[in-house]
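The values are calculated or read from the model by the stated rules, or taken from the named source; none is laboratory data. Fair warning: this is a prediction, and the values are worked out from it, not measured in the lab. Ligands, DNA and RNA are stripped out before the accessible areas are found, and what is left, the full protein with its side chains, is counted by its heavy atoms. Shrake-Rupley method; radii C 1.70, N 1.55, O 1.52, S 1.80 Å.
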Amino acid sequence: MYKCHGMWMIVSGFLLTAAHGGETVTLKNRQSQEIQAEILSADKSSVTILVNRARHTVPLADLDSASAALAVAEAKKAGHFEAFPPVEVEVKVGVQRRNYGSSGYMKQMDVSPAVKIKGRSQIEPLPAAEATILLFYVDTGSKYAKGLESYVVQNAQTVPIPAANNGKSRNIEFTSVSTTYDGDRDSSNVGGRTYKYYAFFLTDPESGHLLHYESNWPSLSKRMEQDEKLRDKVRSLEKDKKIDRDFTI
């Protein structure tokens with residue numbers, strides 16, 4: 001008989017053995033208890049093993065250091081090591097507009113960006129990550145008074161996402177941004193900035209590897225898919241940096 005303490009299978013007097021036909025290894029937890037298991041896959045925070053025809057995901061932190069290194073090495077040898085577990089990302093940018101002052105034509109825009117992140121597996125731990133948001137704004141004076149649509153980075157922010165012991169959904173909020181602008185769409189426009197597009201990047205801070213990127217700017221999204229260097233340039237843009245429609249940075 002066996003019982004489960006967390007994600008570790010403990011057996012009284014016997015070793016659990018894998019029964020799948022694959023090669024097995026001996027793993028020890030931090031209490032020096034052993035199991036025989038087949039390594040199915042691993043990432044930076046956990047290993048998935050097969051024991052008695054059942055799959056179990058075990059945090060690497062629950063293994064002793066030698067077993068953790070062995071599990072990762074076996075997964076890499078089989079081509080089943082993931083540097084970062086698969087994640088699902090949903091970016092949301094809330095926009096509110098209201099009158100500003102008593103002029104009748106000046107407006108205020110409040111923009112609140114956030115991202116929801118979750119692992120494809122809710123039981124697997126997620127390592128720490130970094131989330132970067134860039135907000136691209138249009139100058140209303142250039143657009144309406146001069147007929148020139150130019151873009152500027154109104155906000156560029158990177159926030160740390162702490163590691164989690166599971167892949168359940170988390171909401172990460174960025175700093176809200178408020179601007180004022182002339183709401184008249186004609187040659188009398190005196191200027192100001194309004195939100196137009198965003199670009200988002202999720203990065204593994206340990207390796208610097210880009211895990212996910214997206215933008216609601218259609219032409220920028222297409223260009224970033226084709227040009228890795230452009231992705232890196234956009235990700236490193238700073239506040240108030242101007243960017244043209246050809247993305248010459």
Checklist entry - Taking the alpha-carbon centroid of each part, what is the distance from region 186-249 to region 54-131 in angstrom? => result 20
Next on the checklist: Order PHE81, PHE136 by their accessible area, 1.4 angstrom probe, all chains in place, largest first.
Outcome noted: PHE81, PHE136
Checklist entry - Taking a 21 Å limit on the Cα-Cα distance, which of the listed pairs LYS143/LYS222; LYS168/LYS196; LYS107/LYS143; LYS116/LYS168 fall beyond it? => result LYS143/LYS222; LYS168/LYS196
Checklist entry - Just the accessible area for HIS56, please: 1.4 Å probe, Å², rounded to the nearest 10? => result 40
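Could you tell me the ratio Rg/Rh of region 59-129? Both radii from Cα atoms, Rh via Kirkwood. Spell out each step's value before the answer.
On the way: Rg = 22.8 Å, Rh = 16.5 Å.
In region 59-129, Rg relative to Rh is 1.38.
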Checklist outcome for this item: If amide H atoms are modeled at 1.01 Å from N in the peptide plane, then the residues at a separation of 5 or more from VAL190, or on another chain, having amide H under 5 Å from its own are ASP182
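Which value, in Å², gives the accessible area per residue of the chain when a 1.4 Å probe is used on the protein heavy atoms? Can you show the working numbers first?
Values: 13530 Å² over 249 residues.
Averaged over the residues of the chain, the accessible area is 54 Å².
Hey, what number do you get for the chain at 222 nm if only DSSP H runs of n ≥ 4 count, each worth -39500 (n - 2.57), divided across all residues, to the nearest 500?
Details: 3 runs with 30 residues, N = 249.
Using -39500 (n - 2.57) per qualifying helix, the result is -3500 deg cm²/dmol.
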Item to check | Rg to Rh, two decimals, where the chain supplies the alpha carbon set and Rh follows Kirkwood | outcome: 1.18
Checklist entry - So who's got an amide H within less than 5 Å of the one on SER46, skipping anything under 5 residues away but keeping other chains? H placed 1.01 Å off N, in plane. => result LEU60
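Using alpha-carbon pairs under 8 Å, 6+ residues apart, how would you state the relative contact order of the chain in percent?
Working: 538 pairs, mean separation 37.0, N = 249.
Contact order relative to length: 15 percent.
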Checklist outcome for this item: Excluding ligands, DNA and RNA, the carbon-plus-sulfur percentage of the accessible area of the chain with a 1.4 Å probe reads 46
